[in-house]
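Heads up: the structure comes next, in structure tokens.
The values are calculated or read from the model by the stated rules, or taken from the named source; none is laboratory data. The shown structure was predicted, so the numbers you read here are calculated from the model rather than taken from an experiment. Because the Cβ atoms are built from the backbone with ideal geometry, glycine has one as well, and the counts that use them run over all protein chains shown. Quick note on the areas: whole protein, heavy atoms, side chains included, nothing else; ligands and nucleic acids left out. Shrake-Rupley method; radii C 1.70, N 1.55, O 1.52, S 1.80 Å.
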Amino acid sequence: MLDNRLLRTDPDAVARNLARRGFQLDVGRFRALEERRKAAQVAADEVRSARNAHAKSVGKAKAQGQDIAGLLAEGEALARRLEILEKELAAVQSEFDELCLGLPNMLHESVPDGRDENSNVEVRRWGTPREFDFTPLDHVAIGEQLAQMDFEAAGRISGARFVVLKAGLARLHRALIQYMLDLHTGQHGYTEIYAPYLVARQALLGTGQLPKFEADLFRVVSGEQELFLIPTAEVPVTNLARESIIEAAALPLKFAAHTPCFRSEAGSYGKDTRGMIRQHQFEKVELVHVVKPEDSYAALEELLGNAEKVLQGLNLPYRVVALCAGDVGFGSAKTYDIEVWLPGQAKYREISSCSNCEAFQARRMQARWRNPATGKPEPVHTLNGSGLAVGRTLVAVLENYQQGDGSVVVPAALRRYMGGAEVIHGRLV
């Protein structure tokens, strides 16, 4: 949620910033709504003040033994009028809040201009794509050769965009999770979190998935209880700071969590229908930072570097790109994507997004810290990033470490999690 004070004092500045995203803020509607809100507030305050003064008059008259029947009737009329005005104020405030919840975050000044991913700016590359002496296969063909990746069986169980992994590939998938968690908790200073996979609507409102992206979520209703399957661990983990005031000495908070993620992919019909790139259920190790506002852009670079270390440890070539204004996500002020090289597609594909949401989520969650300079609670800044998406990392390992005979070499960093196995053949030995 944006700063209401800025919205009220300079909506034109907000509109100019959001226009960089291609988002048009109806400033006229906003100003008219704000005038209605102020008028309703003034009217309610005046009647409330009159009611309070009248109550004192009734008390004084009663103490003097006067007939207060007429005064009581006037008081009841004031109370009815105040009730009507407070309902009008609540309706205007609800409309104002709904408008605010639909506004994306303002962009940081360093975000490059552009309307779509074609304007994203490459920041750096790491590693050199391998030269093959055979035509490299994509991960689906590799999995089929190994007989350890079964989309047909998953389809019979659950439908499209699911997979069953078996034997060595199932173990490799688990090894990647362990490797990522050990790296982030052992070397990067993160606290590991086990979080709920089902969350309430309010949690998704807090991190910005609702109300805008409800179509992308899986909703679960049991009796009168409504919950949602998490689209990312960002939701439950960031909400750990919800409705709290964190002392300055406790910051920064750095959390790492492995969870399954569930997405309906409603907005990606027809995209990546082959293989494991875009599925309804996938695993991810998520990194979340909760920091002081002045530290958040240093934290973004740290978060990005932590995610990069995973790929460097696996010796997987990648590049980092700064997303342009039109490609930055709804709740982010600035985002870097990490794209890993996939020989089977002969292109770089996203494997992590690292975002600084500044105070956008904190305002929605009422997540605050106590600023020693003012002694007052102020919104924290929150950041999140994949460290990494496990399924896509598995895809990258299969494609980059494939051999001409159909086997896959296990990266050295993962062998201790694989019982020492160095190669995956038709079955793990």
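Only residues in the range 171-183 that are under 13 Å from residue 419 (Cα atoms) and small (Gly, Ala, Ser) count as the first member; pair them with residues that are assigned to a helix (DSSP H, G or I) and open to solvent by less than 20 Å² (accessible area, probe 1.4 Å), Cβ under 8 angstrom, at least 6 apart or cross-chain, and list the lot.
Listed pairs, sorted by first residue: 175/414.
From the list 235, 220, pick out the single residue that is closer than 29 Å to residue 104 by Cβ and either at pLDDT below 95 or open to solvent by less than 20 Å² (accessible area, probe 1.4 Å) (or both).
That would be 235, the only listed residue that is closer than 29 Å to residue 104 by Cβ and either at pLDDT below 95 or open to solvent by less than 20 Å² (accessible area, probe 1.4 Å) (or both).
With among the small types (Gly, Ala, Ser), free of Cβ contacts under 8 Å to residues at least 12 places away in the same chain and out of contact with any helix residue (DSSP H, G or I) (no Cβ under 7 Å at 6 or more places or on another chain) as the only criterion, which of 189, 114, 155, 102 stands out?
Only one candidate qualifies: 155.
Against the condition more than 24 Å from residue 147 (Cα to Cα) and either open to solvent by 10 Å² or more (accessible area, probe 1.4 Å) or modelled with pLDDT of 95 or more (or both), how does residue 408 come out, does it pass?
Here the answer is no, as residue 408 does not meet what is asked.
Sort through 49, 57 and tell me the only one that's more than 30 Å from residue 330 (Cβ to Cβ), of a type in the set (Gly, Ala, Ser) and at pLDDT 90 or above.
49
Take the residues of the range 4-13 that are in contact (Cβ under 8 Å) with a residue 24 or more places away in the chain and either among the small types (Gly, Ala, Ser) or surrounded by fewer than 16 Cβ atoms within 10 Å (Cβ to Cβ) (or both): which is farthest from residue 378 (Cα to Cα)?
Result: 8.
Which count do you get for residues in the range 142-184 that are open to solvent by 40 Å² or more (accessible area, probe 1.4 Å) and closer than 24 Å to residue 384 by Cβ?
Matching residues across the range 142-184 total 4.
Sort through 109, 34, 98, 88 and tell me the only one that's over 25 Å from residue 325 (Cα atoms) and either open to solvent by 40 Å² or more (accessible area, probe 1.4 Å) or not in a helix (DSSP H, G or I) (or both).
Result of the check over 109, 34, 98, 88: 88.
Mind telling me which of the residues 215, 248 ends up being in contact with a Pro (Cβ under 6 Å, 6 or more places away or on another chain), over 22 Å from residue 390 (Cα atoms) and surrounded by fewer than 21 Cβ atoms within 10 Å (Cβ to Cβ)?
248
Working only within the range 41-73, note down all residues that are surrounded by 10 or more Cβ atoms within 10 Å (Cβ to Cβ), not hydrophobic (A, V, I, L, M, F, W, C) and not in a helix (DSSP H, G or I).
66
Looking at the range 301-337, which of its residues are part of a strand (DSSP E or B) and in contact with a helix residue (DSSP H, G or I) (Cβ under 6 Å, 6 or more places away or on another chain)?
Those that are part of a strand (DSSP E or B) and in contact with a helix residue (DSSP H, G or I) (Cβ under 6 Å, 6 or more places away or on another chain): 318, 336.
Can you tell me which residue in the range 316-346 is least open to solvent (accessible area, probe 1.4 Å), limited to those that are under 22 Å from residue 109 (Cα atoms) and among the charged types (D, E, K, R)?
337
Out of (1) part of a strand (DSSP E or B); (2) open to solvent by less than 50 Å² (accessible area, probe 1.4 Å), the odd one out for residue 368 is which?
(2)
Based on what the data block shows, is residue 16 open to solvent by 30 Å² or more (accessible area, probe 1.4 Å), of a type in the set (D, E, K, R) and in contact with a helix residue (DSSP H, G or I) (Cβ under 6 Å, 6 or more places away or on another chain)?
Spelling it out, it is not the case that residue 16 is open to solvent by 30 Å² or more (accessible area, probe 1.4 Å), of a type in the set (D, E, K, R) and in contact with a helix residue (DSSP H, G or I) (Cβ under 6 Å, 6 or more places away or on another chain).
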